[in-house]
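The structure appears right after this line, and notes come after that.
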Amino acid sequence: MNIRPAEQKDHDRIHAILLATGRFTDEEVLCAMELVEEWLTRPEKGDYIVQVVDTAGEVAGYVCYGPTPLTDGVYDLYWIAVDPRFQGQGFGQVLLRFVENEVRRREGRMLLIETSSKDSYGPTLRFYERSGYDEISRIKDFYRIEDDKVVFCKRLAK
């Protein structure tokens, strides 16, 4: 298992992973891919950092995170997705721990995650809770009726 920066050759594989999860709308996949493309074309900008985890030469999942604008040491986890064929094998945990360690290395103090409350996101919500994240905010009907915006936070010790 290896975590490395996403490269152009990973573009289509990341797209396929997002589709394979079955959790994201077409608009959400488009948005996620826009961030991947931003990283691939202008990584020096530093707004979005995209890493992939591969095993035996196959990309099993990816993560996108970056510093929250106008804050001191706060980062956002924008996307994390693991191909369903690799779910339940610890790839998501490895990616999440990698991001936490990178944020610490960059002298970050907090990692925020915004997600949906849709029923299909139940496993995602439990994943963040099991990973030590606290739900700090919930905005009712944010995305659409009966689909709340849920914000998780983890304060990172140095």
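The values are calculated or read from the model by the stated rules, or taken from the named source; none is laboratory data. What you see is a predicted model, and the numbers here were worked out from it, not measured in a lab. Positions of Cβ are generated from backbone atoms using ideal geometry, with glycine treated the same way; all protein chains shown enter the neighbour counts.
Taking first residues from region 20-46 that are touching a residue at least 60 places away in the same chain (Cβ under 8 Å) and partners that are polar (S, T, N, Q) and assigned to a helix (DSSP H, G or I), the Cβ contacts under 8 Å between residues at least 6 apart in sequence or on separate chains come to Gly22/Ser120; Arg23/Ser120; Arg23/Thr124. Remark: pairs (first residue in region 134-158, more than 27 Å from Arg106 (Cα to Cα); second residue assigned to a loop (DSSP other than H, G, I, E, B) and of a type in the set (S, T, N, Q); Cβ separation under 7 Å; 6+ apart in sequence or on different chains) = Asp147/Ser117; Asp148/Ser117.
With respect to Asp76, determine if the residue is of a type in the set (Asp, Glu), at pLDDT 95 or above and over 27 Å from Lys118 (Cα atoms). Against the criterion (of a type in the set (Asp, Glu), at pLDDT 95 or above and over 27 Å from Lys118 (Cα atoms)), Asp76 does not qualify. Considering each residue of region 34-74, count those that are over 19 Å from Glu107 (Cβ atoms), of a type outside the set (Gly, Ala, Ser) and under 12 Å from the mean Cα position of the chain (by Cα), and give that number. Residues that pass the stated criteria total 7. Does Gly92 count as small (Gly, Ala, Ser) and part of a helix (DSSP H, G or I)? Yes: the conditions hold for Gly92. Here Asp119 does not qualify as at pLDDT 95 or above, over 15 Å from the mean Cα position of the chain (by Cα), farther than 25 Å from Asp12 by Cβ and of a type outside the set (S, T, N, Q).
To keep it simple, each residue is scored yes or no on (1) surrounded by 15 or more Cβ atoms within 10 Å (Cβ to Cβ); (2) out of contact with any helix residue (DSSP H, G or I) (no Cβ under 6 Å at 6 or more places or on another chain); (3) of a type in the set (Ser, Thr, Tyr).
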{"position": "Glu7", "(1), (2), (3)": "no, yes, no"}
{"position": "Asp12", "(1), (2), (3)": "no, yes, no"}
{"position": "Ile17", "(1), (2), (3)": "yes, yes, no"}
{"position": "Arg23", "(1), (2), (3)": "yes, no, no"}
{"position": "Ala32", "(1), (2), (3)": "yes, no, no"}
{"position": "Ala56", "(1), (2), (3)": "no, yes, no"}
{"position": "Ala60", "(1), (2), (3)": "yes, no, no"}
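Could you please let me know if Asp141 is at positive phi and charged (D, E, K, R)? It is true that Asp141 is at positive phi and charged (D, E, K, R).
Determine whether region 120-131 contains at least one residue that is of a type outside the set (A, V, I, L, M, F, W, C), assigned to a strand (DSSP E or B) and surrounded by fewer than 17 Cβ atoms within 10 Å (Cβ to Cβ). Checked against the condition, which is being of a type outside the set (A, V, I, L, M, F, W, C), assigned to a strand (DSSP E or B) and surrounded by fewer than 17 Cβ atoms within 10 Å (Cβ to Cβ), region 120-131 yields no hits at all. In the set (1) touching a strand residue (DSSP E or B) at 6+ places or on another chain (Cβ under 9 Å); (2) surrounded by fewer than 21 Cβ atoms within 10 Å (Cβ to Cβ); (3) β-branched (Val, Ile, Thr), the condition left unmet by Val50 is number (2).
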